[in-house]
1. Only one of these is under 18 Å from residue 120 (Cβ atoms), touching a Phe, Trp or Tyr at 6+ places or on another chain (Cβ under 8 Å) and either of a type in the set (Val, Ile, Thr) or at pLDDT 95 or above (or both): 20, 24. Name it.
2. Please specify each residue of region 89-101 satisfying the condition of being in contact with a Cys (Cβ under 8 Å, 6 or more places away or on another chain) and of a type outside the set (Ser, Thr, Tyr).
3. Just a yes or no: is a residue in region 80-90 open to solvent by 60 Å² or more (accessible area, probe 1.4 Å), touching a Gly at 6+ places or on another chain (Cβ under 7 Å), outside any strand (DSSP E or B) and modelled with pLDDT of 95 or more?
4. Do we have any residue at all in region 70-78 that's modelled with pLDDT of 95 or more and surrounded by fewer than 18 Cβ atoms within 10 Å (Cβ to Cβ)?
5. Among the residues of region 9-41, which ones are crowded, with 16+ Cβ neighbours inside 10 Å and either outside any strand (DSSP E or B) or of a type in the set (Phe, Trp, Tyr) (or both)?
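The values are calculated or read from the model by the stated rules, or taken from the named source; none is laboratory data. The structure displayed is predicted, hence computed values, not measured ones. Cβ coordinates were reconstructed from backbone atoms using ideal geometry, including for glycine residues, and neighbour counts include every protein chain displayed. Note: accessible area is taken over every heavy atom of the protein model, side chains too, but ligands, DNA and RNA are not part of it. Shrake-Rupley method; radii C 1.70, N 1.55, O 1.52, S 1.80 Å.
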Amino acid sequence: QVQLVESGGGSVQAGGSMRLRCALSGSTFERYCMGWFRQVPGKEREAVARAYISPAGRATAYADSVKGRFSFSQGYAKNTLTLQMSSLKPEDTAMYYCAATQGSCSGDLNDPTYQWNYWGQGTQVTVSS
């Protein structure tokens with residue numbers, strides 16, 4: 001059974017850093033798309049970042065709101081991606097979810113028709129000012 005598990009959430013002061021990890025288990029996917037989303041009460045879900053993983057390497061994309069602050073780690077373990085978050089702001093406070101689908105990513109981070117087949121349970125990130 002395919003499972004996604006997030007870890008690394010917690011509380012941090014504005015300007016601080018945090019690392020989120022998403023571990024994919026129970027699959028033999030040669031190619032897959034993995035994404036990070038965040039959501040706060042009363043707002044629509046927002047795609048934060050995604051990575052296309054293949055034997056040849058990876059391709060990443062980030063939302064404009066986090067470019068230059070969030071990035072995927074270069075030293076990730078097998079089937080585990082680390083999202084390094086720096087210069088955190090109070091508006092980054094949200095529940096963060098990891099998702100994955102076998103195959104390619106969509107061309108749009110927030111494509112509402114893209115089928116994310118697997119979801120983690122979420123991890124809370126709170127940034128205080």
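1. Testing whether each residue is under 18 Å from residue 120 (Cβ atoms), touching a Phe, Trp or Tyr at 6+ places or on another chain (Cβ under 8 Å) and either of a type in the set (Val, Ile, Thr) or at pLDDT 95 or above (or both) leaves just 20.
2. 98, 100
3. yes
4. Yes, region 70-78 contains at least one residue that is modelled with pLDDT of 95 or more and surrounded by fewer than 18 Cβ atoms within 10 Å (Cβ to Cβ).
5. Answer for region 9-41, where residues must be crowded, with 16+ Cβ neighbours inside 10 Å and either outside any strand (DSSP E or B) or of a type in the set (Phe, Trp, Tyr) (or both): 9, 29, 32, 36, 37.
Conditions tested, residue by residue: (1) assigned to a loop (DSSP other than H, G, I, E, B); (2) open to solvent by less than 60 Å² (accessible area, probe 1.4 Å).
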| position | (1), (2) |
| --- | --- |
| 43 | yes, no |
| 50 | no, yes |
| 58 | no, no |
| 61 | no, yes |
| 68 | yes, no |
| 99 | no, yes |
| 105 | yes, yes |
| 116 | yes, yes |
